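Q: Take a look at the following structure, please.
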């Protein structure tokens with residue numbers, strides 16, 4: 001009897017392989033959905049190809065072992081873990097663009113100056129709020145810069161109201177220099193890139 005027909009392979013190795021493959025395909029699927037929502041027309045199909053390829057291999061192995069309940073648990077566990085891992089990776093890569101809208105009773109000139117000095121574009125307009133005149137400051141930022149911009153807002157006015165919206169497409173704007181996707185990936189998986197040098 002070969003190793004692939006043994007009980008060790010059927011009850012331990014195969015479920016672990018199914019789990020890991022499912023983590024990979026769901027992680028890629030999560031990134032694909034995010035790419036679709038962000039309008040990345042070339043990246044989304046690439047993710048989709050590998051997602052389906054891995055899924056076909058995994059589902060084939062599960063169907064060949066319908067009497068093995070451990071494979072079912074591994075399949076479901078891989079699905080759940082893949083969602084978590086995909087979201088974590090997407091947060092690290094921070095794809096996309098946000099519009100941040102700040103409404104404050106203080107004069108917005110100070111905040112605009114802080115944003116401009118940090119490399120962000122900003123637009124200020126005067127409006128009338130429930131308690132009198134307010135400044136509304138708009139800025140389009142890269143998602144990876146969100147924490148920095150929120151810190152600038154809090155330094156300007158800890159009580160300022162702000163709202164963040166997802167922006168699918170931006171034609172022009174003032175943005176700080178961005179790191180490439182390759183550089184961001186290297187920051188997430190530093191050991192892999194060091195070995196290649």
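Taken together, the values in this text are just the output of simple stated rules run on the coordinates, not laboratory data. Every value quoted in this text rests on a predicted model; they were computed, and no experiment measured them. So basically every Cβ, Gly included, is an ideal-geometry build from the backbone, and we count neighbours across all protein chains shown.
Q: Of these, 9, 50, 98, which one is within 30 Å of residue 159 (Cβ to Cβ) and in contact with a helix residue (DSSP H, G or I) (Cβ under 8 Å, 6 or more places away or on another chain)? It would help to see each step written out before you state the result.
A: Working: 9 fails: within 30 Å of residue 159 (Cβ to Cβ); 50 fails: within 30 Å of residue 159 (Cβ to Cβ).
Just one listed residue meets the conditions, 98.
Q: Then there is this: Taking residue 9 as the residue in question, decide whether it is farther than 19 Å from residue 88 by Cα and part of a helix (DSSP H, G or I).
A: yes
Q: How many of the residues in segment 14-64 are crowded, with 17+ Cβ neighbours inside 10 Å and not in a helix (DSSP H, G or I)?
A: The qualifying residues number 1.
Q: Here is a further query. Filter segment 104-162 for residues that are more than 29 Å from residue 93 (Cα to Cα) and part of a strand (DSSP E or B) and give the result.
A: Those that are more than 29 Å from residue 93 (Cα to Cα) and part of a strand (DSSP E or B): 104, 124, 125, 126, 127, 128, 129, 132, 133, 134, 135, 136.
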